[in-house]
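Enquirer: The structure follows.
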Amino acid sequence: MEECELCGSPVSAPYTVLVEGVELRVCAKCAKGKKVMNRPASARVGPASSRGAAAKPSQKVKEEDLEVVENYGGIIKRAREAMGIPIKVLGEMINEKETLLLRLEEQKTLPSISLARKLERALKIKLLEQPDVVEGSSQQRGKGELSIGDFVG
Ligand SMILES: [Zn+2]
């Protein structure tokens, strides 16, 4: 059981709140009036929860369709620094090597989808996106054989 970082009372499902830019894990009482980042998982599942177990959401994006955002290194670094934790600690949080994370921040290594997901969760950032569908350009190209000469004449 964790302890509330504000009042110290034991709390089984702490809230993550933002206090002056710092994330704290606190009890429900202390979470009141604060900016809540993350509610405890056990907090109220809703009466219809038994139905959701069988039916899968049909519009779920396939993992293969996701790609890591272009500037992932900077995003990771900024988020980590905002949390005020060294790379080593982040590595311990997500059970990855410090050297690997360093290479990610320097964009020398592209994270796998599962690693990116871990980082997303740990740092509360967005690293994965659906690739943009190229609009227009692919259709226009190839067909038109216009050369500048046609206009200049
Ligand atoms: Zn408290």
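Enquirer: Within the stretch 57-77, how many residues turn out to be modelled with pLDDT of 90 or more, among the charged types (D, E, K, R) and part of a helix (DSSP H, G or I)?
Expert: Counting residues in the stretch 57-77 that are modelled with pLDDT of 90 or more, among the charged types (D, E, K, R) and part of a helix (DSSP H, G or I) gives 1.
Enquirer: Another question, if that's okay. Output the residues belonging to the stretch 9-38 that are exposed (fewer than 11 other Cβ atoms within 10 Å of the Cβ) and within 10 Å of the ligand (Cβ to nearest atom).
Expert: Once the filter is applied, which keeps residues that are exposed (fewer than 11 other Cβ atoms within 10 Å of the Cβ) and within 10 Å of the ligand (Cβ to nearest atom), the stretch 9-38 yields only Pro10.
The values are calculated or read from the model by the stated rules, or taken from the named source; none is laboratory data. The model shown is predicted, which means the values in this text are computed figures rather than measured ones. Cβ sites come from the backbone with ideal geometry, for glycine too, and all protein chains shown count toward neighbours.
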